[in-house]
Amino acid sequence: MPASFEVTTSDSSSQGGIMADQKNTGAGERLLSEFPPPSLDAWKEEVIRLLKGAPFEKKMLTATYEGITLQPMYTAEDTKDLPFQDNLPGEWPYLRGTEALGKRLNGWLIAQELPFATPKDFNEALKYDLERGQNAVCLLLDRAGYQGLDADQAETETVGRGGTSISAFEDAVQALDGIDPAIPIMVVGGAGTVPASALVVAALKAKGVDLTKANLTIGNDPLGFLAANGQLPMNLEEAFDGLASMTNWALTAAPLAKTLVACGFPYYESGANAVQQLAFTLSSSVATLRAMEARGISVENAASSMAIRLKVGGHFFMEIAKFRAMRVLWAQVVRACGASDQAAKICLQAKNGRLNKTQFDPHVNMLRATTEAFAAIVGGVDSLHIDAYDEVLGGQPSDLGRRVARNTQVTLREESKLDHVVDLAGGSWAVETLTHQLITAAWKLFQEVEALGGLQKALETGFVQKAIGEVATARRKAVTMRTDVIVGTNQYPNSLEAEPEIKKIDHSAVKKMQGSKASVARTGQAKSKDFAALVDSAPKSTLGEISQALGRSGSIKVEPLVAFRTAECFENLRKAMIKNRKGKTDVFLANLGPVGAYMPRLDFTRGFFQVGGFTVEDKNWFKTAEDAAKAAVASGAPIIVAVGLDDTYVEQVPVLAKAIKAAGSKTMLVAGLLKEQADAFKAAGVDDFVHVKSDVHTVLSGLAKGLGVSI
C-alpha cells in the first residue's frame, strides 16, 4: 500500500473506525519503519545456513527442459524492465487476454471430445453431457476419417478408433440430431476435416441453421498432420487449396467461423518443450498465412480466420506462461505482416496431453487433469478439453471418467469462479518473468526455422525431429532415473494393483455398420473443389468422395514425430512381470539388524523393485548374516538384496554374499552404494548395487531378462 494512500468519507461528521484509521496512519508508518524489509541477499544467506553445506545452486535452482532456470524466489526487480507490464487486458499484444472483460461474460468453452465410434453413440453421449455442463460440440473423427477415408475404404482397425466414424451425410445428421444450433461446433479431423466440415455444414443447412451466426471451428493444420504422420494423403498444395476455398466461402457465408488452424499437438505428444511447441506452432501458422495470401486471401482475413491449438501439460507455471506467450507471439507476427490489431486476437483452444498419463494407478490422472485444466484456464484459453482419466486405457471413456473430466471444468467455473478474474496470473513476478523468457526463446527458435525456409523445410531436413528428439531423450532418461517422478508408476506404486484392463472396440462391427452406409451414399456427385459446391453435393456424397474431389495425388514424406507416454517403459516392464511371474516371489530383502534404524533405505529398496512389478518379500529382519542367508534361500527368490546400515554391511555383506552364492545361482545385490567396499563386496559375490543414482528401468529390465521375462 503506498504511503500516500488515504481513506475518505463523504460524511464529515463520521467518528467511526474509518476516521480512527486516518488518525493512526502516521503511527502505523512509524511502526513499519522500525522493521525494514529484508534484502534478497539476506534471505539467501539464511537459506544457505539452513542448507547446512548443500550447494545453493543444486538445491534451490531448477533446470527445465526449455533451458530456463527457475529461481526459488522472484521479486519486482525481475519484472521492472519487461515489456507490456503496464498493458491492460484487451490491449495489443494481448499478454493479459484478448478481451477487456476476459471471461466475465461468456467464460471459456467446455469442449469435451467424445470419442464414441458411431454417430448414434456420439449423439447420445453429447446430449447427456450438454445437459450437465458441457457447452460446445467437438466432433473428433476416427483414424479412418483423419485420413479422409470412408469406413469401407479404410483398414478395419482404424474405423471407430480414437473418434467417431463419419462417412456419409446421414452420419453428420445423426451426430448433430437434436443439438441446439447456437452451440459452438468444432470439427477435428486431420486430413479429413474439410470433407467432414462440408458434411456438417450441409447437415446444419438442412436443419435451417443461420450459418452467418454459427460459431464453427472447421480448419486443420496440414503441416502439423505431416509432422505427426510423416505423410499427407494429398500434397500440400491441394491441402491449402481446400482450406483456401473453405475460408473464402466462410468470409461471407459463415463469418464467425475459424477455418484455419495451427496445431501444436504433435510436438507436445512427441516430447517437445514449451519453447519448441510455441515456435513450431507459430511457424505452422505463418506458413498457412503465406499459403492463403498466395491464393488471394489477405493476411487480415486469414489471420481473423485462425485458431491455435495447444496441449497443456503438468508443469503448472510453465503451462500458464505458454498460453500467455502464444498470444504475444501471434500478435507480433500479425502486426509485422501488416494486419490489424483486431486480427491479431488469436482464439486459443487447448487439450490436456497424454505425455504424463498412466495406465497403472489411472485415477491419479484425475489429479493431473485438474492441475492442467487450472493452468490452461489461468493462461486464458478460449476452449478446453480434458481427457477422462481412463481414456489412456483405450476405447471409449467410462461414464465416471467423462463425468469427472467434465465436472473438473464445471467446478473450476462454478465453485472456484475462475471466470470472474481477468488475467488470473497477471502481476505474478514468477509467471511474468517466465512468460517473457518463453516469448524470447520461442521467437529466436521461430527465426531459426524461418531461416531454414519455414516449417516444411525444417521437417524435410529433420531439424524439428532432431530438436524434439533430444528433449524426448532427456525426458525418458529423467523418468528411468526417477529424477522426474510419475506417481504410481516410477515412484510410490500400488504393489497390489492388477494389470490394467485395456478397453477394446469391435472395429469389425463398426466398419460393417458404417461401411454399408458409405457404400449406399456413394454417388460420384462430389466433383468440384469449390467448398460451396461440395456443401451442395454433400447430401449425396461421402467423406471419401469429397476427399477425392479435393485431390489426393500424394505428398512429400518426412520422418514422423513419435508420440509416446513417459510411463510406457515402466508399464511394459510391469505388465510383463505380472504376466510371467504371477504368484512367485522375485526379490527377498535380507534386512540386517533392527529395521527401524534404516527404514528410509528399506522403503526405497522395496519401491525400487515394485515399480517394475517385482514381488518383494520384506517382512523379517535378521541378527546375523547366516540367518538372513538361510531365510533367503528358503524363500526361493532368485534375487537377494542386503538392506541395512553401512556400518552393518562392512562385516555382514561378505558373509551373506558368500552364503548366497554357495547355495546356487542367485543374484546378490546391496541396497546403497559403498564405493570404498565395492571391490571387496564384489569379490565376495555381490553382483551389483541399487541406489538413488541407479537407472532404475535399466537395472530392472536386466533383472527381468535374467528371470526369462521378455519385455
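Of the residues making up segment 611-655, those that are part of a helix (DSSP H, G or I) and more than 18 Å from Gly672 (Cβ to Cβ) number 8. Put simply, of Val334, Val410, Val364, Val381 the only residue that is open to solvent by less than 40 Å² (accessible area, probe 1.4 Å) and under 18 Å from Thr489 (Cα atoms) is Val364.
Okay, residues lined up against (1) free of Cβ contacts under 8 Å to residues at least 12 places away in the same chain; (2) hydroxyl-bearing (Ser, Thr, Tyr); (3) touching a helix residue (DSSP H, G or I) at 6+ places or on another chain (Cβ under 7 Å); (4) not in a helix (DSSP H, G or I):
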residue	(1), (2), (3), (4)
Glu170	no, no, yes, no
Val173	no, no, yes, no
Asp177	no, no, yes, yes
Pro181	no, no, yes, yes
Val187	no, no, yes, yes
Thr193	no, yes, no, no
Ala196	no, no, yes, no
Val200	no, no, yes, no
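With respect to Phe531, is the statement that it is at pLDDT 95 or above, open to solvent by less than 20 Å² (accessible area, probe 1.4 Å), of a type in the set (A, V, I, L, M, F, W, C) and in contact with a Phe, Trp or Tyr (Cβ under 7 Å, 6 or more places away or on another chain) true? Judged against the criteria, Phe531 is a match. Among the residues making up segment 281-296, those that are in contact (Cβ under 8 Å) with a residue 60 or more places away in the chain, hydroxyl-bearing (Ser, Thr, Tyr) and within 16 Å of Glu448 (Cβ to Cβ) are Ser283, Ser284. Selection over segment 47-69 of residues that are under 18 Å from His436 (Cα atoms) and either of a type in the set (S, T, N, Q) or free of Cβ contacts under 8 Å to residues at least 12 places away in the same chain (or both) gives a count of 4. Checked against the criteria, Phe360 counts as touching a Gly at 6+ places or on another chain (Cβ under 8 Å), over 23 Å from Ala136 (Cβ atoms) and of a type in the set (A, V, I, L, M, F, W, C).
This table checks each residue for (1) among the small types (Gly, Ala, Ser); (2) farther than 30 Å from Ser547 by Cβ.
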{"position": "Ala472", "(1), (2)": "yes, yes"}
{"position": "Met481", "(1), (2)": "no, yes"}
{"position": "Val485", "(1), (2)": "no, yes"}
{"position": "His507", "(1), (2)": "no, no"}
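Scanning for something on the phi > 0 side of the Ramachandran plot and out of contact with any Phe, Trp or Tyr (no Cβ under 7 Å at 6 or more places or on another chain), does segment 562-582 turn up at least one residue? Looking through segment 562-582, none of the residues is on the phi > 0 side of the Ramachandran plot and out of contact with any Phe, Trp or Tyr (no Cβ under 7 Å at 6 or more places or on another chain). The set of residues in segment 591-605 being open to solvent by less than 30 Å² (accessible area, probe 1.4 Å) and at pLDDT 95 or above consists of Asn591, Leu592, Leu602, Thr605. Checked against the criteria, Lys504 does not count as surrounded by fewer than 17 Cβ atoms within 10 Å (Cβ to Cβ), among the charged types (D, E, K, R) and under 21 Å from Leu700 (Cα atoms). Checked against the criterion of being open to solvent by less than 20 Å² (accessible area, probe 1.4 Å), touching an Asp or Glu at 6+ places or on another chain (Cβ under 7 Å) and under 29 Å from Leu393 (Cα atoms), the candidates Phe614, Phe608, Phe588 yield just one match: Phe614. Among the residues of segment 678-698, those that are crowded, with 19+ Cβ neighbours inside 10 Å and either among the β-branched types (Val, Ile, Thr) or at pLDDT below 95 (or both) comprise Val686, Val690, Val696. Would you please name the residue that is farthest from Val312 (Cα to Cα), looking only at residues in segment 352-383 that are among the aliphatic types (A, V, I, L, M) and more than 12 Å from the chain's Cα centre (by Cα)? My answer is Val364. Taken together, Asp419, Asp423, Asp399 contain a single residue that is out of contact with any Asp or Glu (no Cβ under 9 Å at 6 or more places or on another chain) and at positive phi, which is Asp423. For segment 45-79, the tally of residues that are more than 25 Å from His315 (Cα to Cα), open to solvent by 50 Å² or more (accessible area, probe 1.4 Å) and either among the basic types (Lys, Arg) or assigned to a helix (DSSP H, G or I) (or both) stands at 6. Could you tell me whether Thr489 is hydroxyl-bearing (Ser, Thr, Tyr), surrounded by 17 or more Cβ atoms within 10 Å (Cβ to Cβ), at pLDDT 95 or above and on the phi < 0 side of the Ramachandran plot? Yes, satisfied.
Within the set Met306, Met292, the sole residue that is open to solvent by less than 20 Å² (accessible area, probe 1.4 Å), over 17 Å from Asp382 (Cα atoms) and in contact with a strand residue (DSSP E or B) (Cβ under 8 Å, 6 or more places away or on another chain) turns out to be Met292.
Among residues of segment 326-337 that are more than 18 Å from Arg309 (Cα to Cα), those with a Cβ under 7 angstrom from a residue that is part of a helix (DSSP H, G or I) and open to solvent by 10 Å² or more (accessible area, probe 1.4 Å), sequence gap 6+ or separate chain, pair up as Cys337/Val299.
Would you check which residues across segment 367-409 are within 17 Å of Lys103 (Cα to Cα), of a type outside the set (A, V, I, L, M, F, W, C) and part of a loop (DSSP other than H, G, I, E, B) and list them? Answer for segment 367-409, where residues must be within 17 Å of Lys103 (Cα to Cα), of a type outside the set (A, V, I, L, M, F, W, C) and part of a loop (DSSP other than H, G, I, E, B): Gly380, Asp382.
The set of residues from segment 226-245 being open to solvent by less than 10 Å² (accessible area, probe 1.4 Å), part of a helix (DSSP H, G or I) and more than 13 Å from Pro195 (Cα to Cα) comprises Leu226, Ala227, Ala244. Taken over segment 434-463, the criterion of being open to solvent by less than 50 Å² (accessible area, probe 1.4 Å), assigned to a helix (DSSP H, G or I) and either within 18 Å of Val334 (Cα to Cα) or free of Cβ contacts under 8 Å to residues at least 12 places away in the same chain (or both) is satisfied by Ile439, Ala442, Leu445, Phe446, Val449, Glu450, Leu455.
The values are calculated or read from the model by the stated rules, or taken from the named source; none is laboratory data. Nothing here was measured: the structure is a model prediction, and the numbers come from that model. Positions of Cβ are backbone-derived with ideal geometry, glycine not excepted, and every protein chain shown enters the neighbour counts. Heavy atoms of the whole protein, side chains included, go into the accessibility calculation; ligands, DNA and RNA do not. Shrake-Rupley method; radii C 1.70, N 1.55, O 1.52, S 1.80 Å.
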